[in-house]
Amino acid sequence: MRTIMRSRFIDASAALLLLATAAPALAQQPVLLYPGKPVEMTVMFGAGSAADVTARYLADGMARLLGVPVPVMNRTGGGGAIGYSHVKKQRPDGYSIIWNSNSISSTYHSGVLPFDYKAFDAVARVSVETPAIAVRADAPWKTLKELVDYAQANPGKVRVGNSGTGSHTHFSASALFATGEAKIVDVPFGEGQAVVNLLGSRIEAVVQLPAALVSHVKSGDLKVLAVLGSKRDPVFPDVPTANELGYSVTLDMWRGIAAPKGVTRPVVAKLQDAIRRTVDSQPFKDAGKAIGFVPAYLPADEFGKVIAHDDAKLAQLMTDLGLKKK
């Protein structure tokens with residue numbers, strides 16, 4: 001009897017030991033198997049917009065490398081608030097990601113979004129776009145200084161179109177003319193309408209991202225007076241920065257991928273690798289030249305630092321411009 005009981009005790013101990021040994025491996029299985037189903041990418045802009053098209057190029061590359069579909073879901077509205085709110089509610093398992101931008105900060109600080117960038121984990125920066133100020137090709141102003149001087153001498157006479165109240169182009173335009181001590185009228189428009197109204201002579205200028213301007217500059221209908229980023233934009237290589245011209249405005253627009261707070265590091269690493277390889281690919285670089293963005297990959301840790309730095313910078317800028325609501 002004692003022999004039988006001892007044998008059973010040994011068998012039970014061995015079984016427990018086996019389970020204990022296997023536990024770590026079993027715990028790792030979800031990560032090792034990731035992704036085991038489609039990874040949904042939320043885009044906060046309408047289908048066919050430059051941001052949407054860029055996201056789809058990224059999603060296609062990621063899908064090939066991850067081995068699962070990466071469907072793009074357009075969730076528009078509230079300057080990005082609808083999309084951010086949806087993704088924030090999802091499980092942090094890597095199956096719901098968002099095509100984010102500086103809008104996480106501008107939407108929060110303008111009072112539209114009740115939470116800030118800390119609700120998400122940075123995954124990777126993908127690209128940079130530089131806001132640019134443009135006028136009609138037949139406009140009387142040949143340089144940025146001429147336009148700013150005219151606005152100074154004629155307060156409220158220069159109407160500058162942007163992509164919506166609280167948008168990146170809105171506070172970029174406000175910052176530019178505030179630096180030049182000129183009073184303008186900021187005119188917010190819906191998607192794609194700012195340039196249309198400039199071409200129709202209903203406003204005097206626009207501040208837009210390159211994608212909205214490239215085709216009209218090539219056709220000779222518009223001219224870009226300056227870009228409002230930290231350096232010249234490869235899309236408009238001969239156009240000076242506002243900073244070069246004496247106006248201290250550097251407001252690059254970054255875009256990248258983020259996930260709900262709490263996603264594991266191994267999952268971030270898999271997403272990050274697929275993003276890096278896509279951004280480094282020639283088709284993605286060619287898309288950048290055609291659409292108007294600059295591929296600019298950064299890994300999660302560095303991207304997170306950029307987001308935090310720009311959030312503080314935008315908060316101060318929006319406070320100075322009277323646009324901050326929180």
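The values are calculated or read from the model by the stated rules, or taken from the named source; none is laboratory data. On a predicted model such as this, the values are computed, not experimentally measured, just so you know. Cβ atoms come from the backbone with ideal geometry, glycine included; neighbour counts cover every protein chain shown.
Checking the conditions here, which among Gly229, Gly288, Gly256, Gly292 is buried (at least 20 other Cβ atoms within 10 Å of the Cβ), farther than 21 Å from Phe171 by Cα and within 20 Å of the chain's Cα centre (by Cα)?
On inspection, the qualifying residue turns out to be Gly288.
Conditions: (1) outside the structural domain of Gln272 (by TED's automatic domain parsing); (2) surrounded by fewer than 21 Cβ atoms within 10 Å (Cβ to Cβ); (3) not β-branched (Val, Ile, Thr); (4) not in a helix (DSSP H, G or I). Pro92 meets all but one. Number of the miss?
Looking at each condition in turn, Pro92 falls short on (1).
Any idea how many residues of the range 287-314 are under 19 Å from Ala55 (Cα atoms), modelled with pLDDT under 95 and part of a helix (DSSP H, G or I)?
The total comes to 5.
Could you figure out which of (1) under 26 Å from Glu302 (Cβ atoms); (2) touching a strand residue (DSSP E or B) at 6+ places or on another chain (Cβ under 9 Å); (3) not hydrophobic (A, V, I, L, M, F, W, C) isn't true of Glu146?
(1)
Hey, any hits in the range 221-240 for a residue that's assigned by TED's automatic domain parsing to the domain that holds His170, touching a His at 6+ places or on another chain (Cβ under 7 Å) and under 30 Å from Pro140 (Cβ atoms)?
Yes: the range 221-240 contains one or more residues that are assigned by TED's automatic domain parsing to the domain that holds His170, touching a His at 6+ places or on another chain (Cβ under 7 Å) and under 30 Å from Pro140 (Cβ atoms).
Filter the range 122-159 for residues that are in a strand (DSSP E or B) and over 23 Å from Lys231 (Cβ atoms) and give the result.
Val123, Arg136, Arg159
Could we say that Tyr57 is in contact (Cβ under 8 Å) with a residue 60 or more places away in the chain and not basic (Lys, Arg) here?
Answer is yes for this residue.
Check Thr107, Thr21 and return the single one that is among the polar types (S, T, N, Q) and either at pLDDT 95 or above or over 25 Å from Phe293 (Cα atoms) (or both).
Values: Thr107 fails: either at pLDDT 95 or above or over 25 Å from Phe293 (Cα atoms) (or both).
Sole residue among the options that is among the polar types (S, T, N, Q) and either at pLDDT 95 or above or over 25 Å from Phe293 (Cα atoms) (or both): Thr21.
Just checking, does the range 64-75 include any residue being assigned by TED's automatic domain parsing to the domain that holds Gly304, closer than 27 Å to Thr250 by Cβ and modelled with pLDDT of 95 or more?
no
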